[in-house]
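Encoded as structure tokens, the structure appears first; notes follow it.
The values are calculated or read from the model by the stated rules, or taken from the named source; none is laboratory data. All of these numbers come straight from a predicted model, not from anything done at the bench. Methodologically, a virtual Cβ is constructed for each residue, glycine included, from the backbone with ideal geometry; neighbour enumeration extends over all protein chains shown. Calculation scope for accessible area: heavy atoms of the full protein, side chains included, ligands and nucleic acids excluded. Shrake-Rupley method; radii C 1.70, N 1.55, O 1.52, S 1.80 Å.
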Amino acid sequence: MSDMKRILIADDEPGIVRLLKDFFEIQDYQVIEAKNGLEVLGQLNREPDIILLDVNMPMLDGFEVCERIRAHVSCPILFLTAKIEEADRIKGLMLGGDDYILKPFSIEELGARVEAHLRREERRKTDRAVKIFDRLAIHYGDRSVYYDEEPIGFTKTEYGIVELLSFSAGQVFSKEQLYEKVRGFDGNADSSIVTEHVRRIRSKIGKYTDHVFIETVWGVGYRWIG
């Protein structure tokens, strides 16, 4: 894998946890362990990329854990279970689970399922991190802007303004708000510099199109109109 992913393995059987830990560490994962449902809740601050969740755990079972955490974590959740009735399978999926792995399982198949879910999650994140306005595409993940397939070279501050305005298209931002949010400083003193940044952004985009993306709201600030 291109970068180390964090996998949370929750099971009250130490042998299974040890087996999975050894396997996934060899595959270059960072493994987070939990032996019951309460420990899962305590490990969420480590922001796992995927969770393997045993259904039959003490204190809180897998279904209860999934129900509690699903509104707060978006990563894939895969249930581990010795047997599953259709009603339980439906229940788990309705609670936000993404897949079931039946025990005993092939560890190679489990590894392949985990990778497939992570690839799907990466595609989802990538899709969400791109917005297209007319023929202008903004890739928020890698902080780049393209007109058709041509990259537009913005400075860090210029890109920050483009990102903030475009991500909240239609919302009006004052110069002070733009300066403070993009630069991270109190914007009262130097907010006039935003006018120059906006002029440069318009000039760079203007080399490719006459389409207006940033509208001046006189006396107030700017907004992205796409």
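Quick look at the numbers
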item: Flag for residue 102 being open to solvent by 70 Å² or more (accessible area, probe 1.4 Å) and closer than 18 Å to residue 57 by Cβ; result: yes
item: Matching residues, the stretch 37-58, being part of a loop (DSSP other than H, G, I, E, B) and within 19 Å of residue 101 (Cβ to Cβ); result: 48, 49, 55, 56, 57
item: Complete set of residues in the stretch 39-58 that are surrounded by 14 or more Cβ atoms within 10 Å (Cβ to Cβ) and more than 24 Å from the chain's Cα centre (by Cα); result: 54, 55, 56, 57
item: Subset of the stretch 182-199 (residues that are among the small types (Gly, Ala, Ser) and modelled with pLDDT of 50 or more); result: 184, 191, 192
item: Pick from the stretch 162-178, criterion open to solvent by less than 20 Å² (accessible area, probe 1.4 Å) and of a type outside the set (Val, Ile, Thr), ranking: farthest from residue 201 (Cα to Cα); result: 173
item: Near pairs, Cβ below 6 angstrom, 6+ apart or cross-chain, from the stretch 58-84 (under 12 Å from residue 11 (Cβ atoms) and touching a residue at least 60 places away in the same chain (Cβ under 8 Å)) to any residue that is surrounded by 17 or more Cβ atoms within 10 Å (Cβ to Cβ) and not basic (Lys, Arg); result: 80/52; 80/54; 80/101
item: Unique residue being in contact with a Leu (Cβ under 6 Å, 6 or more places away or on another chain), modelled with pLDDT of 90 or more and open to solvent by less than 90 Å² (accessible area, probe 1.4 Å) when the list is 222, 159, 147; result: 147
item: Lone unmet requirement of (1) part of a loop (DSSP other than H, G, I, E, B); (2) more than 22 Å from residue 211 (Cα to Cα); (3) among the polar types (S, T, N, Q); (4) modelled with pLDDT of 85 or more for residue 177; result: (1)
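Residues are listed down the side, and each one gets a yes or a no for (1) assigned to a loop (DSSP other than H, G, I, E, B); (2) more than 19 Å from residue 116 (Cβ to Cβ); (3) open to solvent by 10 Å² or more (accessible area, probe 1.4 Å); (4) acidic (Asp, Glu):
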site	(1), (2), (3), (4)
60	yes, yes, yes, no
63	no, yes, yes, no
74	yes, no, yes, no
78	no, no, no, no
83	yes, yes, yes, no
